[in-house]
Amino acid sequence: MSPVFLPPGGDVVFPSLRFASPEGLLAVGGDLSPERLLAAYRSGIFPWYDETTPILWWNLPERFILFPDSFHIPRSLRRILHAETFTITLDTAFEEVITGCAETARKGQKGTWITRDMITAYCNLHAAGYAHSAEAWQDGRLAGGLYGLALGGVFFGESMFFRVPEASKCALVWLFSYLAFRGFRLVDCQQPTKNLARFGGVSVPRRIFMQLLKQGLHHDVSKTPWQFPHDFHPLNKI
């Protein structure tokens, strides 16, 4: 099947997943309006493209996921968490985090898929309460972080970066623990990485992912602002 063309504006309904290519490309075009982005994530679809292409919308044949209530903390990282090398916060520097992700060079990639339009779109979702960030600070400077979207009981992880080794991983552990604390059921990591596999991430077929997504979206999680409770620490779960 060829991907479906989406005109900008108008309806934000996405085509059936049967139109997806073997690699998972489903649609081309459209826009990055909040309504379209939220409709996409609720359908298991996400944008992934660069400045040389139109907007590309994907639903992969296999999805890499993680369950917040059973993630694994690597032993080497526990020592850093015990030492409290970094101060971790939530939603205090969203634009700086997403910009840091965009500016980070990645092996095997030319440029970035986090375009200026993407940064603007996700900052708008952050202002609306859907997109969130976790930050790792050292000596008052941003050392690393990550961002993503939250819908129902599902967190859709987008990207992470670091300026100090292990900073983003510590922010990740704090975030996973917080998601478990808030009752989130599922983290969508999109594509597999060795880093996320260390935390217990697994690949599942599209059919299984869509079932888990549907269940997670129907799970009502508190909409209170994101901040760590007093005396919260990820190692307290062990």
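No value in this document is a laboratory result; all are computed from the given coordinates. This structure is a prediction, so every number in the text was calculated from the model and none was measured. Methodologically, a virtual Cβ is constructed for each residue, glycine included, from the backbone with ideal geometry; neighbour enumeration extends over all protein chains shown.
Report the rotationally averaged projected area of region 29-150 based on its alpha-carbon convex hull, in square nanometres.
Quarter of the Cα hull surface area: 9.3 nm².
Going by average Cβ density within 10 Å per residue, which order do the peptides 5-14, 65-74 take, highest to lowest?
Result, highest mean first: 65-74, 5-14.
DSSP loop trypsin sites (Lys or Arg not before Pro) in region 132-238 with at most 11 other Cβ atoms within 10 Å of their Cβ, which ones?
Filter output for region 132-238: 223.
When ranked by the protection proxy of mean other Cβ atoms within 10 Å per residue, highest first, what sequence do the peptides 29-35, 77-83, 42-48 form?
42-48, 29-35, 77-83
If I take the Cα coordinates of the chain and project them onto the principal axes, what are the three extents in Å, biggest first?
52, 34, 33
Please state the charge dipole magnitude for region 4-59, taken about the Cα centre, from unit charges on C-beta atoms (+1 on K and R, -1 on D and E), reported in debye and rounded to the nearest 20.
That gives region 4-59 a dipole magnitude of about 240 debye.
Only sites in a loop by DSSP and with at most 15 other Cβ atoms within 10 Å count here; which GluC sites (Glu not before Pro) in region 61-158 make the cut?
Sites meeting the loop and neighbour criteria: 84.
Ranked highest first by average number of other Cβ atoms within 10 Å, how do 16-22, 53-59 line up?
The densest-packed peptide leads the list: 53-59, 16-22.
Pairs of alpha-carbon atoms within less than 8 angstrom and 6+ residues apart define the contacts here; what relative contact order does region 4-59 have, in percent?
In percent, rounded to a whole number, it is 37.
Give me the net charge for the shell around residue 187: Cβ to Cβ below 15 angstrom, other residues only, Lys and Arg +1, Asp and Glu -1.
That sum, taken over residues with Cβ under 15 Å, equals +2.
Under a point-charge model restricted to the Cβ atoms of Lys and Arg (+1) and Asp and Glu (-1), what is the dipole moment magnitude of the chain relative to its Cα centre, in debye to the nearest 20?
Around 860 debye, computed over the chain.
Round to the nearest 0.05 the FRET efficiency obtained for residue 151 and residue 103 when R0 = 30 Å and r is the Cβ-Cβ distance.
The formula returns an efficiency of 0.65 here.
Where does the charge balance sit around residue 28 when Lys and Arg score +1, Asp and Glu -1, over other residues with C-beta under 14 Å from its C-beta?
Neighbourhood net charge equals -2.
Can you sort 50, 91, 231 by how many other beta carbons sit within 10 Å, fewest first?
Result, fewest neighbours first: 231, 50, 91.
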